[in-house]
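*Asks:* Mind having a look at this structure? Questions to follow.
The numbers here are math on the coordinates, done by the rules we state, and not lab data. Small disclaimer: the values here were computed from a predicted structure and weren't measured. Note that we place each Cβ from the backbone using ideal geometry, even for glycine, and neighbour counts take in every protein chain shown.
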Amino acid sequence: MSRVERTSVLGVPVDRVDFDGAVAHVEALLDSGMKRQCVLAMNPEKVMRLKGDPALFEFVSGAALLIPDGYGVVLAAKILGLPSLTLVTGVDLMVRLARLAESRGFGVFLFGGTEEANRGAAESLARTMPALKISGRRNGYFDQGKEHEVVALINQCRPDMLFVALGSPRQEAWMRRFLPQLDVGICQGVGGTFDVLGGVARRAPKAVQRLRLEWLYRLLADPSRAKRQAALPRFAAEVLRERLRTL
Ligand code: UDP
């Protein structure tokens, strides 16, 4: 079994992997026959949230893979003199995992997003990866109390990989509650990825991504994110405080 090295940023765990390492780790997990292995994304917002939510912290800490999905986390590791981290974005990892699924014959299930985004994401994957086995899909809107129907649908489809796109922290809370009942190999929390894959939302242009300003692009495109992104200056302040403490 491949292993990944785990470090921690402000007391919150995160893995030292790159894309190849992350894909290899997932492949090894699936080949070993292990079930219900979580792949979750770490970014400054989540680090701040987990510090104030012990139950979620415990669940997240038990994940098989915690990818450094926000540049803020990578930069914080640098500033704090921690072992270096590589940016592994959740959206790009999902596409890489879908390619793995296509080449190895693993089935995938897409859960979450609006019906338009969900269908669009499935169509886009099917177009670019014609041999991909899409075991099933379901949008992320359902009445409270109907969760067991979603769980039953996923289990009927028996996917090896389940991608959950309900946004954070909703998707982590959903996984924490329902993963024990799910017959899946791995489960990746992918946030707003189906919106991007399905063509409902546009990702920042490559130049903006290279400048590490994707968060700013998302904020300008959707100002309602401002409340969530208020965690960013708090995160930066904590990193600086920690740095000064260790001078
Ligand atoms: N969403 C959903 N069900 C809900 C609420 C949200 O499926 O009850 C989806 C929504 O359609 C969107 C995603 O969750 O596709 C949230 O995207 P966001 O960009 O906020 O997530 P992040 O990547 O920032 O966690």
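*Asks:* Read through the list (1) in a helix (DSSP H, G or I); (2) under 28 Å from PRO180 (Cβ atoms); (3) in contact (Cβ under 8 Å) with a residue 40 or more places away in the chain, then give the number of the only condition that ALA76 fails.
*Replies:* Result: ALA76 passes all but (2).
*Asks:* Out of all the residues in segment 185-204, which are surrounded by fewer than 18 Cβ atoms within 10 Å (Cβ to Cβ) and either free of Cβ contacts under 8 Å to residues at least 12 places away in the same chain or near the ligand (Cβ under 9 Å from one of its atoms) (or both)?
*Replies:* Result: VAL200, ALA201.
*Asks:* Scan segment 23-48 and report the pairs whose first residue is closer than 30 Å to ALA237 by Cα and whose second residue is acidic (Asp, Glu) and away from the ligand (no atom under 16 Å from the Cβ), with Cβ atoms within less than 8 Å and a gap of 6+ or a chain change.
*Replies:* What qualifies is MET48/GLU238.
*Asks:* If you scan segment 66-108, which residues turn out to be among the hydroxyl-bearing types (Ser, Thr, Tyr) and either more than 16 Å from VAL39 (Cβ to Cβ) or touching a Gly at 6+ places or on another chain (Cβ under 6 Å) (or both)?
*Replies:* Within segment 66-108, TYR71, SER84, SER103 meet the criteria.
*Asks:* Could you tell me whether segment 58-78 includes any residue that is touching a Ser or Thr at 6+ places or on another chain (Cβ under 6 Å) and on the phi < 0 side of the Ramachandran plot?
*Replies:* Yes; the residues of segment 58-78 include at least one that is touching a Ser or Thr at 6+ places or on another chain (Cβ under 6 Å) and on the phi < 0 side of the Ramachandran plot.
*Asks:* For segment 1-54, list the strands (runs of 3 or more DSSP E) that sit wholly inside it and hold at least 1 residues that are farther than 14 Å from ILE67 by Cβ; which are they?
*Replies:* The qualifying strands (runs of 3 or more DSSP E) are 5-9.
*Asks:* How about segment 187-242: which of its residues are more than 20 Å from GLU116 (Cα to Cα) and in a loop (DSSP other than H, G, I, E, B)?
*Replies:* Once the filter is applied, which keeps residues that are more than 20 Å from GLU116 (Cα to Cα) and in a loop (DSSP other than H, G, I, E, B), segment 187-242 yields ALA204, PRO205, LEU211, ARG212, LEU213, ALA230.
*Asks:* Still on this structure: In a helix (DSSP H, G or I) and within 16 Å of the ligand (Cβ to nearest atom) - does that describe any residue in segment 100-114?
*Replies:* So far as segment 100-114 goes, no, none of its residues is in a helix (DSSP H, G or I) and within 16 Å of the ligand (Cβ to nearest atom).
*Asks:* Looking at PRO233, PRO159, can you tell me which residue is away from the ligand (no atom under 16 Å from the Cβ) and free of Cβ contacts under 8 Å to residues at least 40 places away in the same chain?
*Replies:* Checking each option against the conditions leaves just PRO233.
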